[in-house]
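Undergrad: Sharing a structure below in structure tokens format, with a few things to ask.
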Amino acid sequence: MDKTFDMFWETEVPENELIISRTDLKGIITYVNETFARISGYKPEELIGKPHNIIRHPDMPKSIFKELWEAIKQGKTWRGYVKNLRRDKGYYWVYAEISGVYKDGQLVEYKSMRSPVSKEKKKEMQNLYDKMREEEGGDVRVVMYLPKKVYDKIEELSQEWDISGEEVLERLLNHFKT
């Protein structure tokens, strides 16, 4: 198990900067600006050619991306709040505007411009997205404190079985169900 808790560290998007990217029609990144790379913790060359969902945070409800794809495939601009995952497993919030790029009337790619989000809006959206994920039957975010020896045992089993800590807990719970 990863002993660091970088997932709790937020990177603030500077007020005077935009995060910009472009993808092909399948969502593969074709361009990122330096701000995107810096805020996400990647080098531009690590992002180009990768699916844009490389930065998808597990706190995001699946229905948001379903709505996003439906809108942009219909030629509409999608606007909304997104919590993104950094390379170091930290996160950052953005207000995104995603739309098609057309050449000679043909949709050729998608562009996304993202800007900062206020602290109040982040709290509002986190609460909403937590509720949406729960209603969708998705993962539920839990933070808990364990005795050190319990944590160490989960870590030991995780390494021994070559699975994540979550999978260790799931196996143990399934064992006690039978």
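Read the figures in this text as sums done on the coordinates, not as results from a lab. Owing to the predicted nature of the structure, the values given are computational and were not obtained by experimental measurement. Ideal geometry is used to build each Cβ from the backbone, glycine not excepted, and the neighbour counts take in all protein chains shown.
Undergrad: Which pairs, out of K149/K177; K43/K103; K26/K73; K43/K73; K73/K111, put more than 20 Å between their alpha-carbon atoms?
TA: Long pairs (Cα-Cα over 20 Å): K149/K177; K43/K103; K43/K73.
Undergrad: Show me 136-143, 69-76 ranked by packing, highest mean number of other Cβ atoms within 10 Å first.
TA: Listed from highest to lowest mean packing, they are 69-76, 136-143.
Undergrad: Over the chain, calculate the relative contact order: mean separation of alpha carbon pairs under 8 Å at least 6 apart, over the residue count, as a percent.
TA: Relative contact order comes out at 23 percent.
Undergrad: Then there is this: Calculate the spin-label point distance for T77 paired with K89, positioning each point 7 Å from the Cα along the beta-carbon direction, and give it in nanometres.
TA: That separation, rounded to one decimal, is 3.7 nm.
Undergrad: Using a Förster radius of 30 Å, what is the FRET efficiency between T30 and K66 based on their Cβ-Cβ separation? Nearest 0.05, please.
TA: Computed FRET efficiency for T30 and K66: 0.85.
Undergrad: Report ³J(HN,Hα) in whole Hz for each residue of the range 14-22, in order, from the Karplus equation J = 6.51 cos²θ - 1.76 cosθ + 1.60 where θ = phi - 60°; Gly and Pro get x.
TA: x, 4, 9, 10, 10, 9, 10, 8, 9
Undergrad: Can you tell me the length gained on complete extension of the stretch W161 to E124, counting 0.36 nm per residue apart and subtracting the Cα distance?
TA: So the extension gain works out to 9.4 nm.
Undergrad: Still on this structure, please answer the following. Any chance you could tell me what percent of the C-alpha pair distances in the chain go past 23 Å?
TA: Here the tail beyond 23 Å accounts for 50 percent of pairs.
Undergrad: Can you work out ³J(HN,Hα) from phi for every residue in the range 94-106, in order, using Karplus 6.51 cos²θ - 1.76 cosθ + 1.60 and θ = phi - 60°, giving whole Hz and x for Gly and Pro?
TA: Whole-Hz 3J(HN,Hα) from phi for the range 94-106: 9, 9, 10, 10, 10, 8, x, 10, 10, 10, 6, x, 9.
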